[in-house]
Amino acid sequence: HIPNSIKNNEKVKQILDLVWEIYHEYDAKTLEKLTHSEEPWRKARKGLPSYAASNNEISIETMQKYYGQYLIK
C-alpha cells in the first residue's frame, strides 16, 4: 500500500523512483556497507568501532547537510 502523501506527490515519487533505479540491485549487506561508510552514520557513532552496537540517533540536520549536497536543484 502506497500512502496518499507519496502517491499524490509527484516530486516524492520521482525521488523514490530514482533511488529505486540506482539501488534496487543491491542486497541488504551491500546497502548496509554503503550507509555505514557515510558521514551521518559515522558522526552519530562518535568514534565507536563498526562492530559495536549503538542506539545513537542520526540527526536530521546531519542528514540534510550530507544528503542535501546530492539534490538536483
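Among residues of the range 17-40 that are at positive phi, none has a Cβ under 6 angstrom from a residue that is open to solvent by 80 Å² or more (accessible area, probe 1.4 Å) at a sequence gap of 6+ or on a separate chain.
The residues of the range 1-13 that are open to solvent by less than 100 Å² (accessible area, probe 1.4 Å) and either in contact with a Leu (Cβ under 9 Å, 6 or more places away or on another chain) or assigned to a helix (DSSP H, G or I) (or both), listed by number, are ASN4, SER5, ILE6, VAL12, LYS13.
Quick grid of which residues meet (1) touching a helix residue (DSSP H, G or I) at 6+ places or on another chain (Cβ under 9 Å); (2) outside any helix (DSSP H, G or I):
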residue: ASP17; (1), (2): no, no
residue: ILE22; (1), (2): no, no
residue: LEU31; (1), (2): yes, no
residue: LYS43; (1), (2): yes, no
residue: ALA52; (1), (2): yes, yes
residue: MET63; (1), (2): yes, no
residue: TYR67; (1), (2): yes, no
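Scanning the range 51-73 for residues that are surrounded by 11 or more Cβ atoms within 10 Å (Cβ to Cβ) and among the small types (Gly, Ala, Ser) gives SER54, SER59. Taking the criterion of being more than 18 Å from TYR67 (Cβ to Cβ) and surrounded by 10 or more Cβ atoms within 10 Å (Cβ to Cβ), the only residue of the range 14-31 that qualifies is THR30.
The values are calculated or read from the model by the stated rules, or taken from the named source; none is laboratory data. Bear in mind that the values here come from a model prediction, so they are computed numbers and not experimental data. Neighbour counts are summed over all protein chains in view; Cβ atoms, including those assigned to glycine, are modelled from backbone coordinates with ideal geometry. Heads up: the accessible areas ignore ligands, DNA and RNA and are worked out on the full protein's heavy atoms, side chains in. Shrake-Rupley method; radii C 1.70, N 1.55, O 1.52, S 1.80 Å.
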